[in-house]
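Trainee: Right, I'll just put the structure down here and ask away after.
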Amino acid sequence: MQNNDPHATDPGQDSGADVNADLDALTGRLAALETELAQARETVLRERAEIENQRRRLQRDLDQARRFANEKLLGDLLPVYDSVALGLANENADAKTLREGLELTLKQLEKVTSSNGLVLVDPLHQPFNPEHHQAISAVDSTEHAPNTVVAVVQKGFVLNDRLLRPALVAVVKDS
């Protein structure tokens, strides 16, 4: 049966208009998503570049820190160096004067090292401590208790609570 109403719409025309409208909407949505994707790609590229720049800056800073880590210590040691050089330059000094100069230079060196966290380990007449001492000989003694350090062959050093070099010592034997 056919509809003869002149005001009635053709069903074929309606579906074509709807498809065109849907197609236009999808095309607009696709364009918007493509723009959003392009922006996201640009953002990712910028962030990657920023991360790479930060990595390079950190690496450069780390390299600088390694290269100049000893700058303060070496600056503090320059007066000690100067004292030794002056002592050696004095060709007319007698043994007593040289000894006094060496003692003063050693005090300067001890001051510099202690101000930089280095502590001297001199365990004479103290109980043997295997964490800070290395026994190189054992001796008999009736004057000292067993495991007591009776001679220091070489003093040890601790740097900021970490053993740098153990003291080489002679210890009283156990009876």
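The values are calculated or read from the model by the stated rules, or taken from the named source; none is laboratory data. All of these numbers come straight from a predicted model, not from anything done at the bench. All Cβ positions, glycine included, derive from the backbone under ideal geometry; neighbour counts span all protein chains shown. Accessible surface areas use protein heavy atoms only, side chains included; no ligands, DNA or RNA. Shrake-Rupley method; radii C 1.70, N 1.55, O 1.52, S 1.80 Å.
Trainee: For segment 34-51, state whether one or more residues are open to solvent by less than 80 Å² (accessible area, probe 1.4 Å) and of a type in the set (D, E).
Mentor: Checked against the condition, which is being open to solvent by less than 80 Å² (accessible area, probe 1.4 Å) and of a type in the set (D, E), segment 34-51 yields no hits at all.
Trainee: If you don't mind, there's one more thing I want to ask. Six or more apart or on different chains, Cβ atoms under 7 Å: show the pairs whose first residue is in segment 126-142 and touching a residue at least 24 places away in the same chain (Cβ under 8 Å) and whose second is open to solvent by 90 Å² or more (accessible area, probe 1.4 Å).
Mentor: I136/V153; A138/K173; V139/K173; D140/K173
Trainee: Please count how many residues of segment 70-101 are of a type in the set (D, E) and under 22 Å from S115 (Cα atoms).
Mentor: Number of matching residues: 3.
Trainee: State which residue is farthest from D76 (Cα to Cα) when the search covers only segment 99-140 and only residues that are open to solvent by less than 60 Å² (accessible area, probe 1.4 Å) and in contact with a Ser or Thr (Cβ under 8 Å, 6 or more places away or on another chain).
Mentor: Taking the candidates together, the pick is G101.
Trainee: On to the next question. State which residue pairs qualify: first residue in a helix (DSSP H, G or I) and inside segment 61-86, second residue open to solvent by 60 Å² or more (accessible area, probe 1.4 Å) in any location, beta carbons under 8 Å apart, and separation of 6 or more residues or different chains.
Mentor: Filtered contacts from segment 61-86: D76/S115; L77/L109; P79/Q108; V80/Q108; V80/L109; S83/L104; S83/Q108.
Trainee: Still on this structure: Between residues in segment 159-175 that are in contact (Cβ under 8 Å) with a residue 12 or more places away in the chain and residues that are acidic (D, E) and surrounded by fewer than 19 Cβ atoms within 10 Å (Cβ to Cβ), which pairs lie under 6 Å by C-beta distance while being six or more apart or on different chains?
Mentor: Final answer for the pair search is K173/D140.
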